[in-house]
Structure formats: C-alpha cells, structure tokens
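Taking it in order: structure first as structure tokens, then the write-up.
Bear in mind that the values in this text are calculations on the coordinates, not laboratory data. Owing to the predicted nature of the structure, the values given are computational and were not obtained by experimental measurement.
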Amino acid sequence: MDEARVGQKGRTGHRWWLRGERPRGLCDRRFESTYIFGAVRPATGDGLALVLPTVSTETMQIFLDEFAARFAADAQAVL
C-alpha cells in the first residue's frame with residue numbers, strides 16, 4: 001500500500017526584458033493536488049487504486065473499505 005501526491009506547483013518563469021523595467025503580466029501561483037491510494041497483490045498483479053482529493057482518516061477509511069470489499073469474508077490480508 002502506498003500514497004502519493006500528484007500535482008503541479010509551477011515556479012516563476014524568467015523573461016528577457018528591457019534593463020531596468022519590469023515585464024507586464026502576473027505569475028499564476030495557484031496549484032491543485034490529488035492523492036493516489038494504491039495496493040497491489042504481488043502474486044497475481046491484481047491491484048486497487050483510488051484517486052482522492054485529500055489525505056485524512058476519512059479518505060483512508062474509504063480506501064480500506066474498498067480494499068476489504070474485494071476479499072472474501074474469510075480471507076486475510078497484510079498491509
């Protein structure tokens with residue numbers, strides 16, 4: 001099981017401009033992220049991945065509920 005943040009957080013770009021003057025335009029400093037929760041069964045290659053907006057106990061519970069739904073009632077898993 002693993003989790004990762006995926007998103008773009010840009011940096012200020014540089015432009016050629018006249019010495020002593022500032023170029024026109026604003027830099028967009030907004031960014032968005034999303035998180036991938038995933039698990040893989042190495043023996044078969046079966047996997048589960050969910051893309052969720054945050055990392056919290058609630059989103060982890062959503063992932064664990066979905067993970068548990070894929071197993072038989074008497075099956076055991078190690079995370």
| said: I need the Debye-formula profile for the range 18-79: one equal scatterer per C-alpha, no solvent, reported as log10 I(q)/I(0) at q = 0.18, 0.21 1/Å, two decimals. | reply: -0.77, -0.94
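Give me the extension gain from Glu58 to Arg24: residue separation times 0.36 nm, minus the current Cα-Cα distance, reported in nm with one decimal.
Numbers: separation 34, 0.36 × 34 = 12.24 nm, distance 4.42 nm.
Length gained, Glu58 through Arg24: 7.8 nm.
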